[in-house]
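Undergrad: I'd like to ask some things about the structure below.
Every number here is computed from the coordinates shown, using simple stated rules; none is lab data. Nothing here was measured: the structure is a model prediction, and the numbers come from that model. Heads up, the Cβs are rebuilt from the backbone with ideal geometry, glycines too, and the neighbour counts pull from every protein chain shown.
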Amino acid sequence: MVNRQPVISIIGAGIAGLEAARQLSALGYKPVLIEKAPVVGGHVAEWNRLFPDMSPSEDLTGPLRAQTAGVRTLLNTEVASINRLKDEYNLILSDGSSLLCQAVLFATGFHLFDASKKEEYGYGIYDRVITNRDLEAWFNHKDDRRIDHPKAVGFVHCVGSRDVKAGNAQCSKVCCITAIKEAIEIKEEFPDAEVYCFYMDLRLFGKKYEDFYIKAQRDYGIHFIRGRVSEVGEAVDGRVVVKAEDTLNGKPIKVTLDLLVLMAGIVCNPDAQHYAREIGVAVDDDGFLKSRNNVDAITESSRPGVFFAGSCTGAKTVPETLAEARSAALAIHQYLNKPR
Ligand code: SF4
């Protein structure tokens, strides 16, 4: 516990911001959460179930919300600008007020790549081409007329990831496993549907991910086709025609689908880039915020008093995000208690 009460601003009340707020509160601080949405929870709260356990996202976000209920939380509030003073930061908020703080935590999360930029996949052009986010919304609300007992569903991996032309050379890390999760969920909803995953490589690095992949093939009969989709078109009946090269057996394939799901990649939240530049925090050449180093200081920025947690520095899984939020809270505590 510190003698004075420094102000710690946490920008973003997704799971990174909430977990950091929870930990900082446990350490005796009174952090302030600033969230531009009307609710807390961020992207994870919009997702239906979480891989690889298939647990409802509410199982994570519900307790986090409850345990941070006493934290001062400014909803519907954007940071209009940040000014760097000597040892402090002055945040100007969208309601015209300001917040002088001794530490700032970027928990600004990510944006999904805008799939319409990859015109060849037809998002925004063909009715039955949707994104991973659209599908999660359907799992939650079941109110998308485009998803009507499909008999054939495809998933395209790496949409706007590992793609220099799209401006994002990085692997988004979570979309292979998300595609497998969503493919299984489609099979659970529509057991008769044929489901295809078109991938370049399968990057399944996390605990139990490989088991999940085996289960998808063995128990659900999901087809995994290694090969880039070369062309997407629309048949006269409104179905989606996909052409691809199966690079494992060297044959071109063509399938007609009722639904094509694009696994849009993860890019940095542009707000985070903007704030970073305002206060001289480095943005890396991949577009994400630059940590002091990527080995043992991933939650620390190049500027004293500015810290990171979660996907502002690159694509992260949920467990990684939570671990970083805890680590960032400890780093903030150590920073504020450092003899000056
Ligand atoms: S996790 Fe898979 S789908 Fe996502 S960018 Fe990496 S290789 Fe592509």
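Undergrad: Pull up all non-local amide H partners of E245: gap of 5 or more, or a different chain, and H-to-H distance under 5 Å with H placed in the peptide plane.
TA: Amide H to amide H, under 5 Å and 5 or more residues apart or across chains, E245 pairs with R228, S230, I253.
Undergrad: On to the next question. Mean Kyte-Doolittle of at least 0.5 and a Cα length of 15 Å or more along the axis: which whole DSSP H helices of the chain meet both? Before the final figure, lay out the partial values.
TA: Working: long enough: 15-26 (16 Å, 0.55); 175-189 (20 Å, 0.27); 318-336 (27 Å, 0.34).
Membrane-span-like by this criterion, though nothing is claimed about a membrane: 15-26.
Undergrad: For each of S311, S94, S172, S57, count neighbouring Cβ atoms within 10 Å of the residue's Cβ, then give the residues from fewest to most.
TA: Numbers: S311 32, S94 13, S172 26, S57 20.
Listed from fewest to most nearby Cβ atoms, that is S94, S57, S172, S311.
Undergrad: List the relative contact order of the stretch 283-340 as a percent without decimals, with contacts defined as Cα pairs under 8 Å and 6+ residues apart. Kindly include the intermediate steps, with their values, before the conclusion.
TA: On the way: 59 pairs, mean separation 15.1, N = 58.
Answer for the stretch 283-340 is 26 percent.
Undergrad: Taking only the alpha carbons of the stretch 115-266, what extent do you get along each of the three principal axes, in Å, biggest first?
TA: Answer, in whole Å and largest first: 39, 35, 32 Å.
Undergrad: Continuing with the same structure: Taking amide H positions as placed in the peptide plane 1.01 Å from N, state which residues far from G287 in sequence (5 or more) or on other chains have amide H under 5 Å from it.
TA: Hits under the 5 Å cutoff: none.
Undergrad: Take D286 and Q67, extend 7 Å from each Cα along the Cα→Cβ direction, and tell me the distance between the two endpoints in nm.
TA: In this crude label model, D286 to Q67 measures out at 2.8 nm.
Undergrad: Still on this structure: How many times 2.2 N^0.38 Å is the alpha carbon radius of gyration of the stretch 24-130?
TA: Details: Rg = 18.3 Å, N = 107, 2.2 N^0.38 = 13.0 Å.
Dividing the Cα Rg of the stretch 24-130 by 2.2 N^0.38 Å gives 1.41.
Undergrad: Rg (Å, one decimal) plus Dmax (Å, integer) for the alpha carbons of the chain?
TA: Answer for the chain, Rg first and Dmax second: 21.5, 72 Å.
Undergrad: Where the centre of each part is set by its Cα atoms, how far does the stretch 270-324 sit from the stretch 131-204, in angstrom?
TA: Centre-to-centre distance over Cα atoms comes out at 27 Å.
Undergrad: Among the lysines, which fall within straight-line cross-link reach of K215, defined as a Cα-Cα distance under 16 Å, with same-chain neighbours fewer than 8 residues apart omitted?
TA: K181, K187, K207
Undergrad: Still on this structure: Over the stretch 115-266, what is the mean sequence separation of C-alpha contacts under 8 Å (at least six apart), divided by residue count, expressed as relative contact order in percent? If you can, show how the numbers build up before the last one.
TA: Numbers: 290 pairs, mean separation 49.9, N = 152.
So the answer I get is 33 percent.
Undergrad: Hey, what did the stretch 250-320 get for relative contact order, percent, Cα under 8 Å, at least 6 apart? Provide the component values of the computation, followed by the final result.
TA: Numbers: 72 pairs, mean separation 17.0, N = 71.
Normalised by residue count, the contact order of the stretch 250-320 is 24 percent.
Undergrad: Report the gain in length on full extension from N140 to E88: 0.36 nm times residue separation, minus Cα-Cα distance, nm rounded to one decimal.
TA: Numbers: separation 52, 0.36 × 52 = 18.72 nm, distance 4.19 nm.
Taking N140 through E88 to full extension adds about 14.5 nm, to one decimal.
Undergrad: Read phi for every residue in the stretch 94-109 and hand back ³J(HN,Hα) as whole Hz from Karplus 6.51 cos²θ - 1.76 cosθ + 1.60, θ = phi - 60°, with x for Gly and Pro.
TA: Using θ = phi - 60°, the values come out as 5, 8, x, 7, 10, 9, 8, 9, 9, 8, 10, 10, 7, 10, 7, x Hz.
Undergrad: Sticking with this structure for a sec: Return the calculated 222 nm mean residue ellipticity for the chain, to the nearest 500 deg cm²/dmol, obtained by summing -39500 (n - 2.57) across DSSP H runs with n ≥ 4 and dividing by the residue count.
TA: It lands at -8000 deg cm²/dmol.
Undergrad: Also, quick follow-up: Would you mind checking K208/K316; K118/K316; K290/K316 for any pair whose Cα atoms are more than 18 angstrom apart?
TA: Values: K208/K316 16 Å; K118/K316 23 Å; K290/K316 15 Å.
Beyond 18 Å between Cα atoms: K118/K316.
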